[in-house]
Structures are given as structure tokens and as C-alpha cells.
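Questions regarding the structure given below will be posed in turn.
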Amino acid sequence: MNKERLTRWLTFGPPFIFMVVFFVLPAFIMVAASFRFPGEYGGLAPMFENGTWQFTLETYRFFFSDFIYTEIFLKSFFIAGLTTLICIALAYPLALLITRVPKRFRDVMVLLVVLPFASNFLIRVYAWMIILGPQSAFSTAVNSVVTAFGFEPVPLLFSPFAVIVGMVYVHLPFMVLPLYTNLEKHDPILLDAAQDLGANAWQRFWKVTWPLSLPGVYAGSALVFIPVLGMFAVPDILGGTGDILIGNLIKEQFLGTRDWPFGSTLSIMLTLAVLAIAALAMRYSRKSLSHA
Amino acid sequence: MRKTSHWLWLAALLVYLFLYLPLTVVVIYSFNDSRLNAEWVGFTSRWYKVLFQDEEMIQAAINSILIAIGASLIATLLGTMAGIAMHRYRLRVLPFLVITPVAMPEILLGVSLLLFFIQVLHLTLGLLSVLIAHITFCLGFVAIVVRARLTGMDESIFEAARDLGATPWKTFQLVTLPLIMPAVIAGALMSFTLSIDDFVITFFTAGVGVSTLPLQIYSMIKIAVTPEVNAVSTLLMLVTLGMIVLAAKFDKTVLRGQG
Amino acid sequence: MKAFLTTEALRHREKSCKKPSVPLCLCGGFLLFLFSITALARDELHLYNWNNYISDETVVRFERSCNCKLVQDYYSDNEEMLAKLAAGASGYDLIVPTGNAVESLIKSGQLRPINKQLLPNLKNIDPAYLDTAFDPGNRYSVPYAYTITLIGYNAEKMRALNLPTDTWAVIFEPKYLKKLKGRVTVLDSQRELMAAALKYLGYSANDTDEAHWRRARDLIIRAKPYWAAFNASSYIKELTIGNIWLAHGYSNDMFQARQDAKNAGRPFTIAYATPKEGAVLALDSMVLHKTGPRPDLAHRFIDFMLVGKNSAELTNLIGSGNPNRDAMRHIDPAIAANRAVFPTPDIQRRLEMLMDLDRNQRRVLSRMWTEIKVR
């Protein structure tokens, strides 16, 4: 029994302690910051000043008194959701294919998914600017189709479309890898059995592969959906005049307005919303897994 | 081996095309005879020459690679432990500790770590502070993938190993680790790319005179990111590829596994 | 490539597991390496600067003259630098912030006063750039270079469309913008864009009256549908390749765009002009951070940069405005004659430096900015 507890501690202790020291404690400083006043010249105002403690709920009042912030939240969740769905649609066939090729090719194919991401983020996004720019071959091709149907040519760069493309591109490997690691462990015998029972390819996928792959889908979705919410560089570079997301709003508080307390409040709201969604998803996934 | 449908091949090929289209642009434009990363003018190799004389950029690239290796190794180690612990024991706190840094906007993480390093730990910022910060945000990614791999796995193998008298360590070595290895490696690869690309958190936690590639490149954003950056990106990909191939070569057991 | 990712292969791993693991050794060695490189210290001057804001030749000559090494860290925005310093980052000897950031650093007590005795070349600075509102008497700051926030444009396109290029109206008035839809970018900066709108409405760039701000906001929201993007980073490139015809931006950047277009042999020229309503002048100054370990070297650097030739090299490199009278004879005549870089006294009178806002004003402005972005 004692040995069992030791094992337990050895497994969960080191990451736990690391996260408590280097995440919980620092995060606590910023949670506290949301109740403080911004410094007159940036940073935070002193906690104790003029003989009183300086704490306030002002930033929270500010947040809820104005629908504009909730609006940006909703919009960001929509964009994140859309990005996640597109990532699933793109990553699934790829991950599935990788599990079906002979073993010696699998690693090469996984590696090929990750390799582009060893180059620099900014330079990849700049490459999209070239591809989506009004003079590019891609842009001309799209617009010749658009005008053929009698519509006005559309600008691809500096548009919500460009933001989605950028978001999907940047986060795709974080969907492919969890999906692959999940699909790779499926036993092909299950599919053979299904086939023997007369299931066609589509049924085999929906009744066998898809339910079994759900943990991978959930993990991938978490790793795409959540980071998209905090991302500001993609809308900054590829977006047009209306493409502001929560990430941009939060960045603006720290690197524009010097309003750390409000920046913290926004971040806390975001984190809480994400955790709530994650908790719901976890509940749901447990249920669906026990059914599967 | 099951027969793979042509549609699947086609879909996968299109996704690879999507992944490699911008990358091709990056590589081609590293040979572009124009300061601008915008349109093709003519072939030149001068950006590579510029790069090889740019000590700052090379030092930054080396720092980036070292930090990425260090952060991905340590984050993978800790993240794997966290993933296993989350799967095996019904823990209430750890899952939140692991997912919250993923959910937290990176600016907040950066500022809070900076405040913590300076005002609580009185640590002089340097490469070490960057390394710690990177481990913090990579750990969750690894843990989530490892846990997803373990979910739904047949528990009986672990029990069988224990019943046969294997110590917990032996069970881990002989049963768990081989089973989760694809997830561990996927986690390491994700950590590597996250670390090597991070700008915001690195900006806040890097010390005086310590630069990484993203810091170097982002500071060029105002005046134009020249093809020198394409050149360094191209080389970085080659180096990464080389390192992975080498790592695979070194591991003799893998060779045996293939035979 | 070997099958190192598949479970199959790893079932064969067991025999190798007794060896100390390679990753662990790597980690250990790596940590040792980290500690060893942080321990080194030489005669070094740490400059926290904008990228490409000093010419390489100048650096080489300075390093030779002081027998030390100039180590630069970069920021691309004043606010980035302020945020990092506000959290307590330390060890920078010298910083080159813009006026209002200097003000913020002075007021938050982060700067070390300069010793003018050590700066005999301070006399070279044009008095017009001394004794500024953000640092009266220049106790903390020495002017380095300036930029003007103005409009840059594709000269041929603007002529063909018969559009004016000497007024903010072309950025804000729908009657002009109609011809430019999707071809205009404005700076992604609350202060700069508001300043342009305020100037166009006839107010001061530093006006803090909320009613005036609301008018400026409405002006911006009305013009927004015609703009392609709020852009702080890529308008140089977009102007040069001809995707964007009109951009609100910094004079340095327009200089760069003009050079690039010329070098690339474009069939058009990029020109830039200061609108007649006036504009923002951003004066960057050298300041000493309190935590810098080498104020002696920092003073040497400041005095070195005050030498006309050294200062002129920066202007020749990036087309920045130069507050140094002694530099004029070293400056490329084409730049020296450019009225958008060295304004006539008439225009100079209508240039304003931005002052810092207090925390309540910042919140109000931020709220308006969010509205501008969302609407």
C-alpha cells in the first residue's frame, strides 16, 4: 500500500510541484492584479496608498456594464469553433491515412506534418500574405470565378477569410498529432469484423472508427480551440478593419492602454469561460465514452 | 493491410499541399533578389551570405534551438508524468493545473512570470527564465495528448503486468511507455514547435542580451522582414530535420524494431 | 527514417532501457551550459533599442573608440518596452524611447539623470528639440532622431484619381475614399490615429476633451468601411508592391517604401507629405535606465552619437529626421531637401509631440478604440 502511494506521488508530484511554483503562484499575482488600479504611468498602482488598501471591483463592473466586450467574446468563440471544425475536417483524413500506410512510412509522414512549423511563425504568415495578396495567382483565380458568376471581385487579404485560413494553418498540427496518436492504436480487426458483418465503408467509419477516436478529437479540439482564443498575431497581420478578437483586446490592455487590471480581468473571464467549456466537454466525453 | 480508398489519399494530399504551399513560398523567397518579402524579382544567394555574417541572428537561432530542445525534453518528461497521473488516479486539481496554462492568454502568462521571477524569486532574467516559462506552457500540451492516448486503453495489460510481479517502474518501462510512445513523441514535437515559435512569453522573460529568433524577427516587423529571415527559417527546418534523423539513427533499438 | 513513432517498434525497446537515458543526459548538460554562459561579464554596454536604429558602421566605430562591446536588445513598440520595464526588468544601460514614453519613465522614477558635463557635443542639438514638454530642461533625455506621422502614397495613382495629398481629408472623407476603397491602411495605434483625426477636426493632438474624442471617433468609424486594414507592420511592403495606394504611417517607413520601390524598378513612385492640418512629431531620445550597470559607457555612447557624422549615418540609413545641426552637412542631399523629413518652419509650427495620458483617460480612450474596432 505504502509503495502504491509512493508511486502515485512520484508520478504526479514533479509536474504538480512544477505547475504550482511556476504557474499557480505567478498566476495568482495577476488574478490579484484584476482587483487593483492601473499605475498612473503603467504597471500597477501600489496596493497600499494614502493609508488605505487599494482594491476595487471596477474592472469587473466595466466589463459587465458594456455589451461590447461580451460581443467580442462571442465572436471569438465563433471563430475558434469554426477553426476547430475546419481543423478536424482537414486533419482527420490525413491522420487516418497515416495510420493506414506501411509502418516504415508513418514517421516520415508525421514528421512532414510538423516540419513546416520549425520555420518561423511570422514568416509563414507572411507567406500567406503573398498567397492571398491581390496580385497572386490564387487570388486572381478565385476572383475570375467570382466575377464569372457576376459578383464584385473580393479582396482575400485583410479579411475574415484570411484570418480563418491563418488560424487553421497555424493550429493544424495540434489537431493532426492527437488524432494520429489515437487512431494509431485502433485494432484493424474491429474494422474487419464490421466488414464481415456487412457494414459498408461509411458505416464502418461512423460506427467504429469515429466513436473510438473521440478522445483524440477532444484532445485535438482543446489544443486548437483554446489557443485560437488567445491568438492576436494572425488577426493583426491578416485581418481587416473589423477583425478584432479577445486576444487582440487583451494585448491592447497590456501593450497599448497600460491597463493591466482590465487586461487581467479579461484574461480571467476568458480562462473561466474556457474551463467551463472544458468541464462540460469532459463530462460529455465521459458519458459518450462509456456508451461507446 | 486494409485497402485504402483513393479519396482518402486525395484528401490527405490536399492537406499536405495546404501545409506546404506557404512553406514553398518561404523557401523560394529566401533566394529572392529583393529586400521585400513580397514578389519574385530574381535569383540570388546573397541572403544566405548576409545571414552567415549576421552574428546576432545566428546567436539568436542557436538560443532558440537550445531552448526548444531543453523545453521540449523537460516538458515532455513532466507532461508525460502528468498525463499518466491524470489517467490513472482520479485527481481533481492536476487536470486544471494542466489545462489552465493552455487556456490562459500568453500575455498574461508572460507578465505574471516576469513579475514572479523578478519580484518574488529575485532571479536575474536570462536563458533559464525563458526555459522555465516555455516548459510551463508546453507541459499541458504533452499531458493532454498522453492522456488522450491512454483513454479507452485496455487496463488489463497493466494489471496483468502487476499480477506477474512487475514493480511499478518495470510496468512503466515494459508496458506503459511503449504503449504511449507515439503520444510522447507527438507531445515532444508539439512542444518543440511551440517553443521555437514563441514570441510573447519570451519577450517578457528574456534577460538583457538574450535573444531568440522570434524576438529578433518581430523587432524587424516595422522595417520589413527581409529574406534573411526566410533563409534562417529554411536552415532551421533543415537543422530540425537533421536532428530528428540523427536521433532516430542513434536509437539502435529502433533499427532492430524495423528489421 | 526509422519507425520510432509506432508502438510496434517500441515493444522491442525493453533491452535498452537500463542505460541512462539520452534525454536526461542532454537535459543535465544543457542546464550546465545555461549557467555557464550567464556567468560571463565583459566591458559591455546594453542598449535597448528599435531594430535597425543605428548603422553598423557607427557601431563598429563606437566599439573601437570605447574598447567595449555594444549589446543591443530590441523592441518594436514603446509600449512593449514600457510593459517590460514596469514589471521590473533591469540591466539596460540605455534606452531610446519616444517622447511620451520618456515622460512615463521619468514620472515613474525609472531614469537616471544625465550628467551634461560628460556631453560636450550636446551643443550640436538644434534648440528647437531641447527643453521639450516631456522633459523640461533635458534632465534625463538627449534627442536622438525623430519621425513625423504623415501620409505616404502611390504618386501616380493619386494623380490619376485626382486626389489631394496635402490633407488628412483624403484619409477621412468618404468623397475621396470612395475612389480608394480597400487601398488605404491606417496605423494600428490608438494615439496616432486619434491624433490624426483630432488634427483634421482642428483640435490639438493632445486634446483630452471627451466630446472632441467622440467626434474624432465618429469620423474614424465613418471612414473605416473604406480602409483595408489597421496596419502597423506591413504597409511599407504593401505600398511598394502596389496593393495599397495610401497609407497613414511614419516618415521613416515611407522613406523605406520609396527606396524599395525605386530599387525594385516599380512603374510608380512612393511619395509622402505632411498634411497641412499638422501632424504628430515623435522625438526619440536617449535615456539612462536606473538599473544600468554602466552609466559611464552610456554617457560615452550618447556623446558619440551627438557627433554630426555619427548621427547623420542613421538618417542616411533610414531617412529619419535629425535634430543635430552638425549632422546636416553629412546627410545625403536628397534627404536633406525632403520637406517631409526636414519640414519648413511653417509646417514645423503645426507639428505636435504626443503627451502621455493619465490612467482614466487611457481607459476612456481604450473603450472608444474597442468600439472603433468592433463597429
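I'm trying to understand the selection: among the residues of the range A:228-275, which are within 21 Å of A:Pro173 (Cβ to Cβ) and at the interface with another protein chain (Cβ under 7 Å from one of its Cβ atoms)?
Correct list: A:Gly230, A:Ile237, A:Gly247, A:Val274.
Return yes or no: is A:Leu223 assigned to a helix (DSSP H, G or I) and facing another protein chain (nearest Cβ under 10 Å)?
Considered against the rule, which asks whether it is assigned to a helix (DSSP H, G or I) and facing another protein chain (nearest Cβ under 10 Å), A:Leu223 comes out as yes.
Then there's this: Is one or more of the residues making up the range A:196-214 under 18 Å from B:Met190 (Cα atoms), more than 10 Å from chain B (Cβ to nearest Cβ), part of a helix (DSSP H, G or I) and not hydrophobic (A, V, I, L, M, F, W, C)?
Taking every residue of the range A:196-214 in turn, none turns out to be under 18 Å from B:Met190 (Cα atoms), more than 10 Å from chain B (Cβ to nearest Cβ), part of a helix (DSSP H, G or I) and not hydrophobic (A, V, I, L, M, F, W, C).
When you scan the range B:32-44, do you find a residue that is part of a loop (DSSP other than H, G, I, E, B), crowded, with 18+ Cβ neighbours inside 10 Å and more than 7 Å from every other protein chain (Cβ to nearest Cβ), even just one?
no
A further question follows. Scan the range B:119-133 for residues that are assigned to a helix (DSSP H, G or I) and among the hydroxyl-bearing types (Ser, Thr, Tyr) and report the count.
The qualifying residues number 1.
Residue pairs, Cβ under 6 Å, 6 or more apart or interchain, first in the range C:191-216 and within 22 Å of C:Glu79 (Cα to Cα), second part of a helix (DSSP H, G or I) and among the polar types (S, T, N, Q). List them.
Listed pairs, sorted by first residue: C:Thr208/C:Gln361.
Pull up the range A:171-190, narrow it to residues that are out of contact with any Ser or Thr (no Cβ under 8 Å at 6 or more places or on another chain), hydrophobic (A, V, I, L, M, F, W, C) and surrounded by 24 or more Cβ atoms within 10 Å (Cβ to Cβ), then point me to the one that is nearest to B:Ile180 (Cα to Cα).
So, considering only residues that are out of contact with any Ser or Thr (no Cβ under 8 Å at 6 or more places or on another chain), hydrophobic (A, V, I, L, M, F, W, C) and surrounded by 24 or more Cβ atoms within 10 Å (Cβ to Cβ), the one nearest to B:Ile180 (Cα to Cα) is A:Leu177.
Another question, then. Residues being outside any strand (DSSP E or B), of a type outside the set (Ser, Thr, Tyr) and within 13 Å of chain B (Cβ to nearest Cβ): count how many of those fall in the range C:44-64.
7
Right, something else. Run down B:Asp54, B:Asp33 and say which single residue is in contact with a Gly (Cβ under 9 Å, 6 or more places away or on another chain) and touching a residue at least 12 places away in the same chain (Cβ under 8 Å).
When all the criteria are applied, what remains is B:Asp33.
Now a separate question. May I ask you to say which residue of B:Leu21, B:Leu51 is touching a Leu at 6+ places or on another chain (Cβ under 8 Å) and surrounded by 13 or more Cβ atoms within 10 Å (Cβ to Cβ)?
B:Leu51
Among the listed residues B:Thr240, B:Thr202, B:Thr171, identify the single one that is in a helix (DSSP H, G or I), surrounded by fewer than 24 Cβ atoms within 10 Å (Cβ to Cβ) and either more than 7 Å from every other protein chain (Cβ to nearest Cβ) or modelled with pLDDT of 90 or more (or both).
B:Thr171
Is the range A:87-99 home to any residue that is at pLDDT 90 or above and away from chain B (no Cβ under 11 Å)?
Among the residues of the range A:87-99, at least one is at pLDDT 90 or above and away from chain B (no Cβ under 11 Å), which makes the answer yes.
Looking only at the range C:65-101, count every residue that is more than 11 Å from every other protein chain (Cβ to nearest Cβ), surrounded by fewer than 23 Cβ atoms within 10 Å (Cβ to Cβ), in contact (Cβ under 8 Å) with a residue 40 or more places away in the chain and part of a loop (DSSP other than H, G, I, E, B) and tell me the total.
Total satisfying the criteria: 1.
Residues of the range A:126-171 being modelled with pLDDT of 90 or more, closer than 21 Å to C:Leu239 by Cα and among the aromatic types (Phe, Trp, Tyr), which ones?
The answer is A:Trp128, A:Phe158.
State the number of residues belonging to the range C:356-375 that are under 22 Å from C:Pro136 (Cβ atoms) and surrounded by fewer than 18 Cβ atoms within 10 Å (Cβ to Cβ).
Number of matching residues: 2.
Being facing chain B (nearest Cβ under 10 Å), among the aliphatic types (A, V, I, L, M), without any contact (Cβ under 8 Å) to a residue 40 or more places away in the chain and over 30 Å from A:Ala276 (Cα atoms) is the requirement here; does A:Ala118 meet it? Quick ask: steps written out before the conclusion?
On the way: facing chain B (nearest Cβ under 10 Å): yes; among the aliphatic types (A, V, I, L, M): yes; without any contact (Cβ under 8 Å) to a residue 40 or more places away in the chain: yes; over 30 Å from A:Ala276 (Cα atoms): yes.
Yes, satisfied.
Taking the conditions exactly as written (closer than 18 Å to B:Leu23 by Cα and more than 7 Å from chain B (Cβ to nearest Cβ)), does A:Val108 satisfy them or not?
Yes: the conditions hold for A:Val108.
I'd like to verify a number: residues in the range A:235-272 that are in a loop (DSSP other than H, G, I, E, B), over 19 Å from C:Arg363 (Cβ atoms) and β-branched (Val, Ile, Thr), how many?
Residues of the range A:235-272 in a loop (DSSP other than H, G, I, E, B): A:239-245, A:255-259.
This time we only want the ones that are over 19 Å from C:Arg363 (Cβ atoms), so: A:239-243, A:245.
With β-branched (Val, Ile, Thr) added as a condition, the list becomes A:241.
So the count comes out to 1.
Name the residues in the range C:86-124 that are within 21 Å of the chain's Cα centre (by Cα) and under 28 Å from C:Pro345 (Cα atoms), would you?
Correct list: C:Val96, C:Pro97, C:Thr98, C:Gly99, C:Asn100, C:Ala101, C:Val102, C:Glu103.
Check C:Asp166, C:Asp207, C:Asp253 and return the single one that is closer than 22 Å to A:Leu157 by Cβ and more than 12 Å from chain A (Cβ to nearest Cβ). Give the derivation first.
Numbers: C:Asp166 fails: closer than 22 Å to A:Leu157 by Cβ; C:Asp207 fails: closer than 22 Å to A:Leu157 by Cβ.
Among C:Asp166, C:Asp207, C:Asp253, only C:Asp253 is closer than 22 Å to A:Leu157 by Cβ and more than 12 Å from chain A (Cβ to nearest Cβ).
Now for a separate question. Counting just the residues of the range A:48-107 that are more than 30 Å from A:Val208 (Cβ to Cβ) and small (Gly, Ala, Ser), which one comes out nearest to the chain's Cα centre (by Cα)?
Only one residue fits best here, namely A:Ser76.
In this structure, is B:Ser156 more than 9 Å from chain A (Cβ to nearest Cβ), within 20 Å of the chain's Cα centre (by Cα) and of a type in the set (Gly, Ala, Ser)? Lay out the reasoning, then the answer.
On the way: more than 9 Å from chain A (Cβ to nearest Cβ): yes; within 20 Å of the chain's Cα centre (by Cα): no; of a type in the set (Gly, Ala, Ser): yes.
In short, no.
Among the residues of the range B:174-199, count how many are outside any helix (DSSP H, G or I) and within 12 Å of chain C (Cβ to nearest Cβ).
1
Let me ask something else. Of the residues that sit in the range B:118-134 and are more than 7 Å from every other protein chain (Cβ to nearest Cβ) and of a type in the set (S, T, N, Q), which one is surrounded by the fewest Cβ atoms within 10 Å (Cβ to Cβ)?
Among them, the one singled out is B:Thr124.
Does C:Ser141 fit the bill of being within 30 Å of C:Val186 (Cβ to Cβ), buried (at least 19 other Cβ atoms within 10 Å of the Cβ), within 14 Å of chain A (Cβ to nearest Cβ) and within 20 Å of the chain's Cα centre (by Cα)?
No.
Residues that are farther than 30 Å from C:Ala89 by Cα: list the helices (runs of 4 or more DSSP H) wholly contained in the range C:257-375 that include at least 3 such residues.
Per the criteria, C:308-318, C:333-336, C:345-348, C:359-374.
Going by the conditions given, is B:Ile28 surrounded by fewer than 20 Cβ atoms within 10 Å (Cβ to Cβ), free of Cβ contacts under 8 Å to residues at least 12 places away in the same chain, assigned to a helix (DSSP H, G or I) and more than 9 Å from chain A (Cβ to nearest Cβ)?
no
Find all pairs meeting these conditions: Cβ atoms under 8 angstrom apart; at least six residues apart or on different chains; first residue within the range A:139-155 and more than 17 Å from C:Gly182 (Cα to Cα); second residue surrounded by fewer than 12 Cβ atoms within 10 Å (Cβ to Cβ).
Hits for this filter: A:Val146/A:Glu152.
Sticking with this structure for a sec: Pull up the range C:202-253, narrow it to residues that are in contact with a Ser or Thr (Cβ under 6 Å, 6 or more places away or on another chain) and aliphatic (A, V, I, L, M), then point me to the one that is nearest to C:Arg350 (Cα to Cα).
For the range C:202-253, the residue satisfying everything is C:Ala247.
The values are calculated or read from the model by the stated rules, or taken from the named source; none is laboratory data. Predicted model only: the values in this text are computed from it and were never measured. Cβ atoms come from the backbone with ideal geometry, glycine included; neighbour counts cover every protein chain shown.
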